[in-house]
Amino acid sequence: MHSKTIAELAAGLKKGDFSSEELTKSFLQRIKQFDPELNSFITVSEDHALAQAKTADEVIAKGQVSALTGIPFAQKDIFCTNGIKTTCGSKMLDNFIAPYDSTVIHNFNQSGAVMVGKTNMDEFAMGSSNETSFYGGVKNPWDTSTVPGGSSGGSAAAVAARLVPASTGTDTGGSIRQPAALCGITGLKPTYGRVSRYGMIAFASSLDQAGTFTQTAEDSALMLNVMAGFDEKDSTSIEKDLPDYTANLNQDLKGLKIGLPKEYFGEGLDAGVAEKVEQAIDEYKKLGAEIVEVSLPNSSLSVPVYYVVAPAECSSNLSRFDGARFGYRCDDPKDLEDLYKRSRGEGFGAEVKRRIMVGAYALSAGYYDAYYLKAQKLRRMISEDFTKAFEQVDVIMGPSAPDTAFNIGEKSDDPISMYLSDIYTIAANLAGLPGMSLPAGFSNNLPVGLQIIANSFDESRLLNVAHQYQQVTNWHKQIPEAFA
Ligand code: GLN
């Protein structure tokens, strides 16, 4: 049962092959068996899940099923869940129980989905390896001496090990696509504004976007159908028609124009990764696609621009964690200043503090023009590179990450080398574009991800392009041996 996709499980539930309760129990059992080693969950919500499964079974018995009814999911611990702890991977929120559901969680609940738990993540979603979590690192199921990627490392590892059929993540600079690549699963980051950010703990508000981890592109479409849509509670959510994202999956790809940015295949790209990405592109040629070389001339600026913009926004967003309102509070504060200083000093981890300091510096009166304003101008130029490229091509392809999964501890003392893990993903966030990572083979027995970037709100095409590849390849069906 655990190797089935959402689509297959939904069909089984509908036919009565098994109940949601049975299904939920079997995944909870796998979590019990395997998660002590992987550490992909912060909270397992067993009672809540079994109650939801019971309700789902009643709905199914009445024949009122929707695509996700009765399917178990794991939710990244960045989405507020009413009555269930939401930590964002931080000591700061170790005691935080939200009094409301984020819109993403609300939408899953409305669809009859079952939440089995909340997944581990880098603290406040800052990281590329899941090593900054207050709850300890997550191991990559393909090789437990390596990282699963980050920041949504728990969500990615849980799907890769088939502890759940699918999960959610968030992607501010690559935190869905990079861990999806390192864990050999399918990851989707939608267009900025497509999925509501309400109740999703903010890291960098102009970049954060919720998305999915699944086995297949078809499953991503099923989840996006539930997650996407206008939300008046999020001022940057877009009021735009919501297509059925499964409607376009089977369109053939004859004449599709694929842009390959020359900047994505140069120095810094591991040879084994490059080879697999090129093989994937050959598959697309066989499917009738046409390859066009494009240029994204400002690509090399995306990491430095991101590391001004994202810390600036985080320094502002995280100022709400002050020990006074919610979250961690230091013992016996002497006065208000002591309360602020010690609560934040003790509640935040090293990477979060580093970002807050960089951000506060970049926004300070004397440096705003030199750093923040400059970064915003460059951000516009990076975005315009894509606008030009999409005048020539339908989608852009390249690697999701420069390398396969790296060893635990390998980059944790070297922030710059860690930051470069997102060199191919960050630009899509700066430009607000949707992107996916698909399993495209293995290099030294570790998964390689193919990245596909589409134009704004072109998720239907993105999913179609991904689905067609998965009709002619089997990489997305591979399960790490120890979890098969
Ligand atoms: N790795 C990047 C960072 O640390 C991206 C994180 C993310 O997308 N949440 O900021």
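We did not get these values from a lab; they are worked out from the coordinates using the rules stated. Since the model is a prediction, treat every value here as computed from it, not as a measurement. As a convention, Cβ positions derive from the backbone with ideal geometry for all residues, glycine included, and neighbour counts pool all protein chains shown.
Tabulated data
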read-out: Pick from the stretch 396-410, criterion within 20 Å of Q451 (Cβ to Cβ) and assigned to a loop (DSSP other than H, G, I, E, B), ranking: farthest from the ligand (Cβ to nearest atom); value: T404
read-out: Selection within the stretch 373-407 - over 20 Å from the mean Cα position of the chain (by Cα) and under 30 Å from S133 (Cα atoms); value: A375, Q376, R379, N407
read-out: Filter result for E293 (within 15 Å of the ligand (Cβ to nearest atom) and either touching a helix residue (DSSP H, G or I) at 6+ places or on another chain (Cβ under 7 Å) or touching a residue at least 24 places away in the same chain (Cβ under 8 Å) (or both)); value: no
read-out: Complete set of residues in the stretch 218-240 that are assigned to a loop (DSSP other than H, G, I, E, B), buried (at least 18 other Cβ atoms within 10 Å of the Cβ) and of a type in the set (G, A, S); value: G229, S237
read-out: Conditions (1) closer than 30 Å to F230 by Cβ; (2) within 16 Å of the ligand (Cβ to nearest atom); number of the one not met by V393; value: (2)
read-out: Meets criteria (within 16 Å of the ligand (Cβ to nearest atom) and surrounded by fewer than 24 Cβ atoms within 10 Å (Cβ to Cβ)) for G89; value: no
read-out: Residues that are of a type outside the set (S, T, N, Q), buried (at least 16 other Cβ atoms within 10 Å of the Cβ), out of contact with any Leu (no Cβ under 9 Å at 6 or more places or on another chain) and farther than 16 Å from Y135 by Cβ, drawn from the stretch 342-358; value: R342, V358
read-out: Extreme residue, surrounded by the fewest Cβ atoms within 10 Å (Cβ to Cβ), among residues of the stretch 162-177 that are of a type outside the set (S, T, Y) and more than 7 Å from the ligand (Cβ to nearest atom); value: R162
read-out: Selection within the stretch 327-354 - more than 16 Å from the ligand (Cβ to nearest atom), over 21 Å from T86 (Cβ atoms) and under 27 Å from the mean Cα position of the chain (by Cα); value: none
read-out: S421 being within 12 Å of the ligand (Cβ to nearest atom), closer than 19 Å to S129 by Cα and not in a loop (DSSP other than H, G, I, E, B); value: yes
read-out: Of the criteria (1) touching a strand residue (DSSP E or B) at 6+ places or on another chain (Cβ under 7 Å); (2) surrounded by fewer than 24 Cβ atoms within 10 Å (Cβ to Cβ), which one E410 fails; value: (1)
read-out: Among (1) loosely packed, with under 15 Cβ neighbours inside 10 Å; (2) touching a Gly at 6+ places or on another chain (Cβ under 7 Å); (3) of a type in the set (A, V, I, L, M); (4) within 29 Å of V195 (Cβ to Cβ) - the single one L253 does not satisfy; value: (1)
read-out: Filtered residues of the stretch 424-442 (kept if crowded, with 17+ Cβ neighbours inside 10 Å, outside any loop (DSSP other than H, G, I, E, B) and in contact (Cβ under 8 Å) with a residue 60 or more places away in the chain); value: I426, A427, A428, N429, L430, G435, M436, S437, L438, P439, A440, G441
read-out: Filter result (part of a loop (DSSP other than H, G, I, E, B) and surrounded by 17 or more Cβ atoms within 10 Å (Cβ to Cβ)) within the stretch 289-317; value: A289, L296, N298
read-out: Options K233, K189; residue that is over 14 Å from the mean Cα position of the chain (by Cα) and either within 16 Å of A7 (Cα to Cα) or among the basic types (K, R) (or both); value: K233
read-out: Some residue of the stretch 318-326 being crowded, with 21+ Cβ neighbours inside 10 Å, within 16 Å of the ligand (Cβ to nearest atom), at negative phi and not polar (S, T, N, Q); value: yes
read-out: Residue selected from the stretch 121-152 under the condition of a type in the set (A, V, I, L, M, F, W, C) and near the ligand (Cβ under 8 Å from one of its atoms), by the criterion surrounded by the most Cβ atoms within 10 Å (Cβ to Cβ); value: A125
